[in-house]
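Taking it in order: structure first as structure tokens, then the write-up.
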Amino acid sequence: MGQALRFAILLVLGLGFVTWGTSVLVDRTTREWFEKDVSLRARLAVSGARRALVTHWHEEPPSDLRGLLSEITDDERILAAAACNADLTFLARTKYFPSQLSCGEIEHRIRATDASPSEQVPWRSLEVLPGGNVHVSAIPVGDRDQGLGFVVLVHDLSFVQRRAATSRLFLLITFGSLALAAAGITVVAARLARRKWSDDLRMGLRSGSARPEFQPVVRDVRELVDRIVAEKQSDREGEAWNPKRLKRTLNRYLRGEKVVILANREPYVHEKPKCGEGIRVVHPASGLVTALEPVMRACSGTWIAHGNGSADRETADRHGRVRVPPGEESYLIRRVWLTPEQEKGYYYGFSNEGLWPLCHIAHTRPIFRSDDWAHYKEVNQKFADTLLEEVDSEDPIVLVQDYHFALAPSLIRQHLPRATIIMFWHIPWPNSQRFGICPWPKHLLEGMLGASILGFHTQSDCNSFVDCVDRFLEARVDREQGAVVQHGRSTLVRAYPISLDWPCQWTTKVPPVEQCRASIFKELGLESDALLGVGVDRLDYTKGVEERLLAVERLLERFPKFRGRFTFAQLAAPSRTLIDRYRQLNENIEQVAARINERFGQGNYRPVVLLRTHHEPPTVFQYYRAADVCYVSSLHDGMNLVAKEFVAAREDEGGVLVLSQFTGAARELTEALIVNPYDIDEASSALAMALHMSEDEKRDRMRSMRAFVSEFNVYRWAGRMLVDAARLRTRDRLTGRLTDHFDISANVASRL
Ligand code: G6P
């Protein structure tokens, strides 16, 4: 339709131009005709009076000659007349003869027009008067062979303009009507053709017997409809998202293609112990890994990651590949080896000293160095190249993860234009003003827009991203569809809040609550009636660990009855320790914990237990189960899966979650006690409330949060992204078919 309209507009413009050209031509021709006509009349008038003119030519006084001239001007279109002698003086003039005309000037103009009075031909018009509405003719008068001079006639030509205007109007109306009729016919014809075309397509879809040229399109549309119907039905029937459903979704929607993940952190790190023999498999502390590993197990495929474990090389084959999980081996890790310089610039520098503080409001200044940026680009390219080695089709499904790989989507897209690239940003997205701190905002945004789908945890992150695009790029933002269109390709920008596998794999690997409580209490040397709070984090300044310990201190200050009874165990996994800010945080926390222990410790009682080492998930889950309260105090966090893990661990529906309002999780786990971690009094009150809470209330709150996490689990997260990707893929394929087969633009095809 848009195309027909455009054609119609062009047609109208074209015809308009032709009309204008023709009317100019008509103007000129009409004037020439009328001038010729007027010259002819002048000659006739003068030759009719010739004998009398010759007779009275030299008479004195010239009253008869003037009378003759006046008779000639009786013609309504002759305004004035004069007789010019051969010596170029006036012999006689009528009353209204223009004073600016002299015989000499008229003669001069006659010469300039190459005519000659002796040639006895009508001389050309002489437009000597301003306005151009008069025509001056000079007709020679002679007696036998002797030239006496010439008669000058001034004609009124204003009627010519009036007639030309009428003809122009007529022409305009004729051409205008023609143009409108042609445009209308074009639009109607295009509409009819499209309707017929859509009817044929619809009939083909209903009856199953489409015209041969429609068959591939019909097949794709049917497939898409079947998928949507099946998906809706599963939702209606309340079918839970689980590994089976995710796998089925992948098989059904994406024809079982394996997925390829690009993430900096690998799910299994092979480490050689500092002392002793053998190789240890470590599950790194990373929300990204926690969420994606079960997805990968369900889908199979390849996870491309930085190989940085001390035994990673020796456990991988010569291509850097290793099958995981150990003993199950359902997917591959492809390790990418980086030089120490690359790791320093790309991982520690640009990713974690630049982008990480840029995206988190935690009052740590981002540092951007051009060397780091060069390494970031180089490593993104290296990962993109590795991915090209791992894919086995032209349209693979690629999941690019997190801020380490902002440039990878467009680097991959350059080589695999038909790939389905889903990029998920696991951390918050800054507002456009803050984002402008980064010296390379355009590069990052353009890199990310290589993706087909761009996922964030919250709608407000999506909005901030789209605002940045609006501010830094020449791209069309479709806020209604949640899409950014650049270079004719669109990227969906959607919120997909991440979650955990459900039931969470680790809950089956740890003993029930009572047993966990007993063993952890024993390990910490706590009395059986003691109260236990836990915090579980990487040692990162965004997690608000200092503020958390201050809240514990305040709790003990304000409520002395908890002294000697309440212990807070902080599990803190060392993280990014080469960065100064992280070292400084480590020291601060140690000091705060020591101070609190000094203030409130007694005998064996230590209110804060700082466990600064990596803990494997089964140990972490035992702590969750043993705790009365879990406090997540992030100053800013995309989602925070510790909060969800705590909920998943509490099969007994016990325990209370105190949760920072600055986490994505706070929007979902609304039954937690939501606090502002900067408000130490408020946080200490929430801890007290948690320790006082009745068992019934704890159960109600926990039950409701568990119901939420079980339904909105990570299989649903991945499933929704894959379903959206599959729709996008079918739509692209359909658009391709329609444009190839029917020669219509991609824009039109995508809207059919
Ligand atoms: C955050 C990031 C992840 C990262 C994790 C652990 O959750 O979003 O991408 O893996 O922190 O950080 P690390 O630097 O140890 O991978």
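The values are calculated or read from the model by the stated rules, or taken from the named source; none is laboratory data. None of the values given here were measured: they were computed from a predicted structure. Heads up, the Cβs are rebuilt from the backbone with ideal geometry, glycines too, and the neighbour counts pull from every protein chain shown. These area figures cover heavy atoms from the full protein model, side chains too; ligands, DNA and RNA do not enter into them. Shrake-Rupley method; radii C 1.70, N 1.55, O 1.52, S 1.80 Å.
Taken about its Cα centre, the chain carries a charge dipole of about 1480 debye when Lys and Arg each add +1 at the Cβ and Asp and Glu each add -1 at the Cβ.
Extension gain, GLN584-ARG313: 0.36 nm per intervening residue step, less the Cα-Cα distance, totals 94.4 nm. To the nearest ten degrees, helix 215-236 and the longest principal axis of the Cα atoms of the chain are 40 degrees apart.
As a fraction of the 1.4 Å probe accessible area of the chain, surface on carbon and sulfur atoms comes out at 51 percent.
Relative to the longest principal axis of the Cα atoms of the chain, the long axis of helix 103-112 makes an angle of roughly 60 degrees. Computed over the chain, the per-residue total of -39500 (n - 2.57) for DSSP H runs of n ≥ 4 gives a 222 nm mean residue ellipticity of -16000 deg cm²/dmol, rounded to 500.
Name the shape class, rounded, prolate or oblate, that the alpha-carbon gyration tensor gives for the chain, where a ≥ b ≥ c are the square roots of its eigenvalues, rounded holds for a/c under 1.5, and otherwise prolate holds if a/b is larger than b/c and oblate otherwise. Please report the intermediate quantities before stating the final value.
Numbers: a/c = 3.90, a/b = 3.02, b/c = 1.29.
Prolate, because a/c is 1.5 or more and a/b exceeds b/c.
Counting only DSSP beta bridges with both residues in the chain, the antiparallel share comes to about 45 percent. If you plug the beta carbon distance of LEU44 and LEU180 into 1/(1 + (r/R0)^6) with R0 = 45 Å, you get a FRET efficiency near 0.45. If you plug the beta carbon distance of LYS244 and PHE7 into 1/(1 + (r/R0)^6) with R0 = 51 Å, you get a FRET efficiency near 0.45.
Antiparallel DSSP bridges in segment 236-378: what percent, to the nearest 5? Walk me through the intermediate numbers first.
Working: 7 of 16 bridges.
Given both bridge residues lie in segment 236-378, the antiparallel proportion sits at roughly 45 percent.
The slack in the chain from LEU88 to GLN433, taken as 0.36 nm per residue of separation less the alpha-carbon distance, amounts to 115.7 nm. Once the 1.4 Å probe is applied to the protein heavy atoms, segment 241-346 comes out at 43 Å² accessible per residue. Approximating the spin labels as points 7 Å out from Cα along Cα→Cβ, the SER704-to-LYS442 distance works out to 5.0 nm.
What's the FRET efficiency of LYS561 with ARG365 using the Cβ-Cβ distance as r and R₀ = 30 Å, to the nearest 0.05? Don't skip to the end; give the middle numbers.
Details: r = 42 Å, r/R0 = 1.40.
It comes out at approximately 0.10.
Calculate, in nm to one decimal, what ARG144 and GLU697 gain on full extension: separation in residues at 0.36 nm each, minus their alpha carbon distance.
Fully extending the segment from ARG144 to GLU697 adds 185.7 nm.
The long axis of helix 158-207 is offset from the longest Cα principal axis of the chain by roughly 30 degrees. Ignoring lysines fewer than eight residues from LYS382 along the same chain, the ones with Cα atoms less than 29 angstrom from its Cα are LYS258, LYS272, LYS344, LYS442.
The residue list PHE465, VAL400, LEU444 was ranked by how far each Cα lies along the charge dipole of segment 385-508 toward its positive end, using unit charges on Cβ atoms, and PHE465 comes out on top.
Average accessible surface for segment 564-679: 36 Å² per residue, computed with a 1.4 Å probe over protein heavy atoms with every protein chain in place.
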